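Heads up, the thing below is written out as structure tokens.
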Amino acid sequence: MSDNLSKMLPGDRIKITTDTCTVGFWDKAKEHKLTACQCASCGRFRMPPRPFCPDCQSKEINWPELPGTATVYSFAVCHKSPFSGEELLYIPAVLDIDGAPGARLTSNLVGFDPDQVEIGMKVKVDWYSITEDWVLPVFVPA
Amino acid sequence: MTWEHQDKTAIVGVGATPYYPRGTSEPRTIYEMAGDAILGACEDAGINVKQIDGFAYYSGATAGYTDKMDTADFMELLGIPEVTFTASLTSGGGGSAGAAGLATAAIVSGQATYVVTVMALQQSKSRLGTVFGQIAPDPINSFLQPSGLVGPGHLMSVLARRHMHLYGTSRDAFAEIVMATRENAVNRPTAVRRNPLTKEEYFNAPMIADPLCRLDFCLETDGAVAFITTSSERAKDLKQKPVYIHGCAHGGTRDWGRAFAWMGMPDEAFASAGNKPIANRLWNDTGLSPKDIDVALLYDHFSPMVLMQLEDYGFCERGEGDAFVKSGAIRYGTGSIPVNTHGGQLSEAYIIGMTHVREGVEQLRGTAVNQVDDAEFALVTGGPASLPVSGLILRGDK
Ligand SMILES: [Zn+2]
């Protein structure tokens, strides 16, 4: 029953902003490529992107293309739209991003029966349009 | 090594307004409520409000995150002629217990004599739990807010689930925390929720952010609480039995700093209340251990964070919170460590941690409604929230 599967929040209500340091992530998302902020000096990953590598303080950044898969680290199951209060099954999740050790992404699991979601489960990226022509990564069954 | 300011200062007065369900304190204003709490604290201490010369806030001196409280306004409001210290711990409710340490810093450094800490809350304009979607998030929160983790409770639900996954922690333990806390509120005239709660009612409550249901979330209330700190020397000449600031710490680790943002911390911090470094400092500074504590007043904005604080402070081992709580250990009257004997924020009122300080003082004066026999040491914690987190050990005169 598709009615029991997790949905996205309404994309026309989701807003983001960017700055010099974060826009690289969102530019790649428009190309439907999942990336994460990598220090160009020491190779360590960090998310969200910030101007300095917390390990070596370098400001140089790479945006490598990643496999687009992730592992569920934890999640919540919510039943009401935070915008309208209407019934809406959605699953915010904290994900370990494959290919970017140490980097996590807080995203949504879409198209899941909530009873089937488990910590440690593999999921894969999908792309979802939001306001101002930005594209948001969400995650679907692998 | 013993903290050099141990017992050098004391809380000598506490004042509070009644506690109101959210939005029902009007037509009272937030300044009127805060002023009443401060005047009440002065009367309790036996000092004149004009003797106040210091303010030690937390939560950036905001009143419930939406209103601003300013020292100049309080001075005008109450006729306080001059202040020699006015400062705040940063961020939010994490600093509620730590504000007593800020007051201590003012007093032992000779910068002030009577320092007031006050919090007032009136949630008619916007609710703390649901400040969402009105404005676009900043570039960093653009990595969090689109997921629909709309408030602190949603963030804490993700932490709680990880704890459940790692240690087999159950909702039965959260239910026990909520029921034990409610039982403590039944006989309290100040409490907003006083009906005893059954396990069946708990499990019938709607889920908000599974694994958390509505009853795992604290109350939404209006009101104000203030307390006055002074030197232990001066305290001896005042009206009440002094309640000494025996240890106090605020701060926290970078790992925990991620808990209200991008969730990047390792398991040890993720499935915790972020209070472990505070606990380590308090036990080290005081030479006490959990078994010395007579009553624990743990910031209970969300029930799982009570369980994780019990672990952080070492009342039980990491991962054993579930069994510890379910054994009845936190029950007033029968448990080994009575927790939130005032009904906490889950059942009495939510004034961003201040009701816990008030209860700590009453317990150590021997005037609490649910008095713990011969209570000598009380642990009071600030919110497992954005840094700083904080903890306070109060000592009563035996
Ligand atoms: Zn680096």
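What follows is calculated from the coordinates using simple rules that are stated; it is not laboratory data. It should be emphasised that the depicted structure is a prediction, and the values quoted were computed from it without experimental measurement. All Cβ positions, glycine included, derive from the backbone under ideal geometry; neighbour counts span all protein chains shown.
Any idea what angle helix B:99-108 forms with the longest principal axis of chain B, computed on alpha-carbon atoms, 0 to 90 degrees, nearest 10? Approximately 30 degrees, to the nearest ten.
Adding -39500 (n - 2.57) for every DSSP H run of four residues or longer, then dividing by how many residues chain A holds, sets the calculated 222 nm ellipticity at -1500 deg cm²/dmol. Across the options A:W127, A:C53, A:L34, the greatest Cα extent toward the positive end of the charge dipole of segment A:17-141 (unit charges at beta carbon of Lys, Arg, Asp, Glu) belongs to A:C53.
Got a sec? Which residues in segment A:108-142 would a label at A:W63 touch, if it sits 7 Å along Cα→Cβ and we count backbone N under 15 Å? Within reach of a label on A:W63: A:134-137. The three principal axes of the C-alpha atoms in chain B carry coordinate ranges of 54, 47, 40 Å, sorted with the longest axis first.
For chain B, the Cβ-based charge dipole about the Cα centre amounts to some 320 debye (Lys, Arg positive; Asp, Glu negative; other atoms uncharged).
Once the Cα atoms are used to define both axes, helix B:152-167 deviates from the longest principal axis of chain B by about 60 degrees. Compared with the alpha-carbon gap, the fully stretched path from B:K8 to B:S289 is longer by 99.1 nm at 0.36 nm per residue.
Entry note: segment B:87-210 has Rg to Rh equal to 1.04, where both radii use alpha-carbon atoms and Rh is the Kirkwood radius. Find the centroid of the Cα atoms in segment B:354-398 and in segment A:98-141, then give the distance between the two in whole Å. Going from one Cα centre to the other spans 43 Å. Among B:V361, B:V306, B:V49, the residue with the largest mean-square fluctuation in a Gaussian network model of chain B, with springs joining Cα atoms closer than 10 Å, is B:V49.
I want the local charge near B:E359. Using Cβ-Cβ distances under 14 Å, sum +1 for each Lys or Arg and -1 for each Asp or Glu among the other residues.
Numbers: positive: B:R188, B:R358, B:R365; negative: B:D294, B:D300, B:E348, B:E362.
Neighbourhood net charge equals -1.
Once you've got the Cα coordinates, tell me which of B:K50/B:K239; B:K199/B:K276; A:K7/A:K124 are over 24 Å apart. In this structure, B:K199/B:K276 lie more than 24 Å apart at Cα. Our compactness index for the protein assembly as shown, the C-alpha radius of gyration over the empirical 2.2 N^0.38 Å, is 0.98. Lys/Arg Cβ at +1, Asp/Glu Cβ at -1, dipole of the protein assembly as shown taken about the Cα centre: which of A:P67, B:S232, B:H154 is farthest positive-ward? Of the options given, the answer is A:P67. 3J(HN,Hα) along segment B:375-384, derived from phi through the Karplus expression 6.51 cos²θ - 1.76 cosθ + 1.60 where θ = phi - 60°, amounts to 5, 10, 10, 10, 9, 10, 10, x, x, x Hz, with x in place of Gly and Pro. Computed from label points 7 Å out along Cα-Cβ, the spacing between B:T29 and A:S41 is 5.3 nm. Given a Förster distance of 25 Å, report the FRET efficiency between B:E82 and B:K236 from their Cβ-Cβ distance, rounded to the nearest 0.05. E between B:E82 and B:K236, to the nearest 0.05, is 0.50. So if I take the centroid of the Cα atoms in segment B:290-315 and the same for segment B:220-241, what is the distance between those two points in Å? Centre-to-centre (Cα) distance: 24 Å. Between the helical axis of B:171-185 and the longest alpha-carbon principal axis of chain B there is an angle of about 30 degrees. For segment B:36-95 versus segment A:23-49, the inter-centroid distance based on Cα atoms is 45 Å.
By other beta-carbon atoms within 10 Å, ranking B:D294, B:D70 with the fewest at the front produces B:D70, B:D294.
Calculated FRET efficiency, B:E268 and A:V23, Cβ-Cβ r, R0 25 Å, to nearest 0.05?
On the way: r = 33 Å, r/R0 = 1.33.
After rounding to 0.05, the efficiency reads 0.15.
Taking B:P304, B:P27, B:P384 in turn, the Gaussian network model of chain B (Cα-Cα springs below 10 Å) assigns the largest fluctuation to B:P27. Could you calculate, for segment A:17-141, the ratio of the Cα radius of gyration to the Kirkwood radius, expressed as Rg to Rh? Taking Rg over the Kirkwood Rh, I get 0.99.
Do the sum for chain B: with -39,500 (n - 2.57) for every DSSP H run of n ≥ 4, divided by all residues, what is the mean residue ellipticity at 222 nm, to the nearest 500 deg cm²/dmol? All intermediate terms of the calculation are to be shown ahead of the outcome.
On the way: 13 runs with 122 residues, N = 398.
Helix contribution divided over all residues of chain B: -9000 deg cm²/dmol.
Any lysines with Cα under 17 Å of the B:K241 Cα? List them, leaving off those in the same chain fewer than 8 positions away. Excluding near neighbours in sequence, the set is B:K8, B:K398. At an R0 of 35 angstrom, the distance between the Cβ atoms of B:S336 and B:S170 translates into a FRET efficiency of 0.95.
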